[in-house]
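Participant: My questions will all concern the structure given below.
The values are calculated or read from the model by the stated rules, or taken from the named source; none is laboratory data. The shown structure was predicted, so the numbers you read here are calculated from the model rather than taken from an experiment. Counting neighbours? That spans all protein chains shown, and the Cβs are built from the backbone with ideal geometry, glycine included.
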Amino acid sequence: MNFEEIKDYWENRASEDSSAQSTTQDFYLREIEFNVLAQNIEKYSPNNVADIGCGDGRTTVRLARKCPDISFKGFDYSTSMIKNTKAVLDSSDIINTLFEVYDVLEGMSGLFDLIYTTRCLINLPSWELQKIAISNIHNALIGDGVYLMIENFIEGQSNFNEVRKKFGLSEIPIREHNHFFERERLLGYIDDLFDLQSEVNISSTYYLASRVIYSKICDEAGIIPDYFDDHHRFAVGLPFCGEYGPVRLLILKKK
Ligand SMILES: C[S@@+](CC[C@H](N)C(=O)[O-])C[C@H]1O[C@@H](n2cnc3c(N)ncnc32)[C@H](O)[C@@H]1O
């Protein structure tokens, strides 16, 4: 899919679905993402935070409630997504969050102490566009600002598909609106812009539990996997081990 088709995909998804699954079916994966974001935002204690590709703003608003002394700003290029943030915001009691329509490929006005993305940049259809987005994020950070990058990588995707194969399960393909990162290529590019503080695969144990063990149980029972099944719910609490899932967290400090 090209850039416009992907943008239409998100516009349509937001206008058809305002539930907690409008940005991903995988409800519990978002719990993991929320937990690592909350932990790191508390650790770096920034004055202001930008959530780029915030979707319906559910994660932004939860974080803002947890950190009432920090100003949050959520950005998304989909006007329908930003429209949906209004309902999320109205049903909350917080006053430290704003939302704005914004395309990460445009230069950003304003400076932030900390910026995060959760599965946003994988919606840019080429590495060239992803590099522009990363450079714009770099420019929108203060001197030693922090970028928490939660995005999908092809290496972890291939690894869990190899395990699925051993269990006699079919490969899960990358969705057509997604363009996953290649780790080595990314690290080569960001070397001039950021210091890599740490990185961890936050989806490995979760994917082994949900996409291998639970998938095999469903396969043998002839039932369709349910994203709300207890295997997903309990897998949120497992420690992060291995490289068997696509989603990684990279903690990047501006150079
Ligand atoms: C997979 S959803 C994730 C949403 C949210 N971060 C979450 O965790 O629920 C990706 C989001 O990125 C947004 N997005 C994709 N490309 C973008 C761009 N170029 N600029 C701003 N937002 C973008 C989409 O509209 C969508 O809401």
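Participant: Quick check: anything in region 188-196 out of contact with any strand residue (DSSP E or B) (no Cβ under 7 Å at 6 or more places or on another chain), closer than 17 Å to Asn152 by Cβ and outside any helix (DSSP H, G or I)?
Facilitator: Among the residues of region 188-196, not one is out of contact with any strand residue (DSSP E or B) (no Cβ under 7 Å at 6 or more places or on another chain), closer than 17 Å to Asn152 by Cβ and outside any helix (DSSP H, G or I), which makes the answer no.
Participant: Restricting to region 120-154, name every residue that is under 22 Å from Ser204 (Cα atoms), out of contact with any Leu (no Cβ under 6 Å at 6 or more places or on another chain) and either among the hydrophobic types (A, V, I, L, M, F, W, C) or modelled with pLDDT under 95 (or both).
Facilitator: Cys120, Leu121, Ile122, Leu148, Phe153, Ile154
This table checks each residue for (1) farther than 22 Å from Asp8 by Cβ; (2) within 15 Å of the ligand (Cβ to nearest atom); (3) hydrophobic (A, V, I, L, M, F, W, C); (4) touching a residue at least 60 places away in the same chain (Cβ under 8 Å).
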{"residue": "Gly57", "(1), (2), (3), (4)": "no, yes, no, no"}
{"residue": "Cys67", "(1), (2), (3), (4)": "yes, no, yes, no"}
{"residue": "Thr79", "(1), (2), (3), (4)": "no, yes, no, yes"}
{"residue": "Lys83", "(1), (2), (3), (4)": "no, yes, no, yes"}
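Participant: Let me ask something additional. Can you give me the number of residues within region 90-111 that are of a type in the set (A, V, I, L, M, F, W, C) and within 15 Å of the ligand (Cβ to nearest atom)?
Facilitator: 5
Participant: Let me ask something else about it. Need pairs with beta-carbon distance below 8 Å; first residue surrounded by 14 or more Cβ atoms within 10 Å (Cβ to Cβ) and within region 212-241, second basic (Lys, Arg); sequence gap 6+ or separate chains.
Facilitator: Val212/Arg164; Ser215/Arg164
Participant: Are any of the residues in region 192-210 loosely packed, with under 12 Cβ neighbours inside 10 Å and out of contact with any Asp or Glu (no Cβ under 8 Å at 6 or more places or on another chain)?
Facilitator: yes
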